[in-house]
Structures are given as structure tokens and as C-alpha cells.
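Quick note: the coordinates plus some simple rules give every number you see, no bench work behind them. Remember, it's a predicted structure, so these values are computed and weren't measured experimentally. Every residue, glycine among them, receives a Cβ derived from its backbone with ideal geometry; neighbour counts consider all protein chains shown.
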Amino acid sequence: MIVFGVCPGLSAVAYSVLLCEGSGLALPLDNDVLHAGRGVVPRTAAEIAKRWRAHTLILDVVFERNPPALLAVGPPADSSEPAEHVFAARLAAKGIATLLRIPWRDYASMPDLLGALGVDRPRIMTSEVKRSLRGVLGTRDRRVLTATAAAIAAYRHHRAGLDPG
């Protein structure tokens, strides 16, 4: 099963694509942090749409190469980004999952994600992610690590038969 983890936002979107199998270990397939203009803060609906469009063009290619069977939406990629921008990106990600008819799970805050993984601190989350991977992630970027953690948590919940959300 391919699981797509994303940490949403308009100024930055982090994603991680994992191949998850019954063994419980996930194989990293792809990950990145997408930026839509460094230092540029979208102020109008048109500017927001333009930023999201830049992200979706890349994500379309990622989805085509690795069609996800499960989507995990994690905490914001950039904690300083305005909440309404993160909300818009989070809503768009969930809309994509609905259109693709794939289940999704939402871990809107770091405490939500940590709880889903059964850990209490981000440092322990890092260790848990490393233990859960077959191979290496290929980056130390905390945003990608968080997107990966969301994907792992979603897969575990899905495998355990827990309700989404």
C-alpha cells in the first residue's frame, strides 16, 4: 500500500511517499519540501490559488508515479504560516483524497501526531520514524520527517481498522 503523508501550507508543503507492507516497515519512495516563492506571503484569494496551483502541479506528478491508497495530513509545514493558509491547504488535501476516493487521516497538530504514534516528544518521534523505515529517508528536514511520521501513523491506524480522523 502506498501512503502519502503531507504537512500542508501555502508557503511550504512537505510530503513523504511510503510503500507500507504487512511487515510494519515502510520503504521511503519519495519526499520533498515544495516552496512557492520564498518570503512571499499570499494576500489575496488569487495569490493563494496561484501558490496552491504550483504545489498541485508537482504533486500531480508524484501521485501519478506513486498512486496513494491512503493520505495522512500532518501538522503545518511552517508553524509561522497564517492559520487560514494552512487551513486552506489542509482542506484542499482532504478534497483531493475524497476525489481520488482514498481514505485520509488528519493529525492537525504535533500533539495529535505524537499521540497517534504513541510517543510524547518530537525527539522520540524521530527515533520511532527511523525504526519504522526499511532504508533511509534521505533527508534530515524536520518537515519531511513530520510528513513521514504522519504517513506511518495513518498506516498503523488503517491496519488496525481504526476509524479515520
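Can you sort C7, C20 by how many other beta carbons sit within 10 Å, fewest first? Walk me through the numbers before you get to the answer.
On the way: C7 32, C20 23.
Lowest to highest Cβ neighbour count: C20, C7.
When peptides 80-93, 144-157 are ranked by their average number of other Cβ atoms within 10 Å per residue, the highest-first order is 144-157, 80-93. For the range 7-13, putting each phi into the Karplus relation 6.51 cos²θ - 1.76 cosθ + 1.60 with θ = phi - 60° gives couplings of 10, x, x, 9, 6, 8, 10 Hz, in residue order, rounded to whole numbers and with x for Gly and Pro. Multiplying the residue separation of D60 and R142 by 0.36 nm and subtracting their alpha-carbon distance yields 27.2 nm.
By the count of neighbouring beta-carbon atoms within 10 Å, fewest first, D30, D106 end up ordered D30, D106. Does the chain come out rounded, prolate or oblate by the C-alpha gyration tensor, with a ≥ b ≥ c the root eigenvalues, rounded set by a/c under 1.5 and, if not, prolate when a/b is larger than b/c and oblate if not? Prolate shape, in that a/c is at least 1.5 and a/b is the bigger ratio. Taking amide hydrogens as placed 1.01 Å from N in the peptide plane, the amide H of A72 sits under 5 Å from those of F4, G5, V6, R105, each at least 5 positions away in sequence or on another chain. Using only DSSP helix segments of four residues or longer, with each worth -39500 (n - 2.57), what per-residue ellipticity at 222 nm results for the chain after dividing by its residue count and rounding to 500? Computed ellipticity for the chain at 222 nm equals -15000 deg cm²/dmol. Here the Karplus relation 6.51 cos²θ - 1.76 cosθ + 1.60, evaluated at θ = phi - 60°, turns the backbone of the range 14-21 into coupling constants of 9, 9, 8, 10, 10, 9, 9, 10 Hz, with x for every Gly and Pro. For the chain, the membrane-span-like helices by this rule, meaning whole DSSP H stretches whose C-alpha atoms cover at least 27 Å of axis and whose Kyte-Doolittle mean is -0.5 or above, are 45-65; this says nothing about an actual membrane.
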